[in-house]
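Reviewing the structure listed below.
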Amino acid sequence: MSEPSASKAVAGAPVRAISRSSRDEFLATWAVVVNWNGGDENLDCVASLIDQHIRPERIVFVDNASADGSLERVRSAHPGLRFVVNDVNEGFGAAANRGARLALEGGAEAVFFVNNDVVLPKKTLARLEGVLAERPGVSIVGPRILFKDDPQRVWSAGGELTWRQNLSTLIGNGRLDGPFYWVCGEVDYVAGAAMLVRANLFERIGFFEADYFAYMEDVDFCLAARRAGTSVVMCGEVAALHGASNATGGGYSARRKYMNGVNSVRFLRKYGSARRWASFVLWDVLPLPILFLVGVCRGGGRAVATTALGILHGLLGRRVTAEKVKAGGSLLW
């Protein structure tokens, strides 16, 4: 794969949008946003959803017991949304499922899961809906996703299951954006940060597996969809902007690496084979001592230590819980 040139526009290739009236004829899309102490980024996210011409009453805002006042600020700015307020932090999967069920009860033909730190340029959703309209065999579609603080770089152009480090990889992560990524094509999965799902898929495979709590549930969901005979597509003709992993402190935060460690083992218990387990041990487990020494020298030893702790807890059958990953839930964070 050659390095693509930098993009001059967030949206990349020309967007083949469809008219609003045509959209209403074939698709009633609802959006689900999950919040946990997301601050004012929620306001930008919701405003961008409304700019996609989703009516406020079709936006389900699920709050996971936030303590930063973000729920109140969203209520004040957008009182017409549908709110689900949880008494505890249920994690992304369980909270997203609550929102999806409410959307389906309201007659949604597609559910758009959007992270609360994501902003969508205009016409993004229309193009994703267009993919579902044009391709009956596609049940999940997502845009390419760029870093919000560096929109010339790709965060994800879909994902690939490698069964090596972290079991999967985000295609294009950290690379310069460009025409190479401005295409629509099938991928192993698209990130739950911006994922449009055809409603009838939930009847076939169910919802997100809530026991992941956070991370890997989107990979699991897409793999289940593909095993059910449907396709997953990344539509690079449009892009979303993502403040990656802000809720858990960034991509290499101790809590995020711990959750990835636990959930990698959970994922392998469900889908692993002898060969896949061997690959995981070779690429994820055996290098940990060397990675820890290198990390200590570079100030990143804690992330390696929490990855190891997560893998150990996964092997012991433990799950990620709100209590475990809250600030101070471990000596490591």
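The numbers here are math on the coordinates, done by the rules we state, and not lab data. All values reported here derive from a predicted model rather than from experimental measurement.
Using only helices, what value at 222 nm comes out for the chain when you add -39,500 (n - 2.57) per DSSP H run of length 4 or more and divide by the total residues, to the nearest 500 deg cm²/dmol? Taken over the chain, the calculation gives -11000 deg cm²/dmol.
Which of these, ARG58, ARG269, ARG198, has the largest mean-square fluctuation under a Gaussian network model of the chain (Cα springs below 10 Å)? So, out of ARG58, ARG269, ARG198, the one fluctuating most is ARG269. Close Lys pairs in the chain (alpha-carbon distance under 19 Å; sequence gap of 8 or more, or different chains): 7.
If you take the square roots of the eigenvalues of the alpha-carbon gyration tensor of segment 108-170 and sort them as a ≥ b ≥ c, do you get rounded (a/c under 1.5), prolate (a/b over b/c) or oblate? It comes out oblate by the Cα gyration axes. Taking amide H as placed 1.01 Å from N in the peptide plane, the amide H of VAL238 sits under 5 Å from that of ARG144, each at least 5 places away or on another chain.
Here the relative contact order of segment 147-284, from alpha carbon pairs under 8 Å that lie six or more residues apart, stands at 30 percent. Please work out whether segment 196-286 counts as rounded, prolate or oblate from its C-alpha gyration tensor, where a ≥ b ≥ c are the square roots of the eigenvalues and a/c under 1.5 means rounded, while otherwise a/b larger than b/c means prolate and anything else oblate? Since a/c reaches 1.5 but b/c is at least a/b, the shape of segment 196-286 is classed as oblate.
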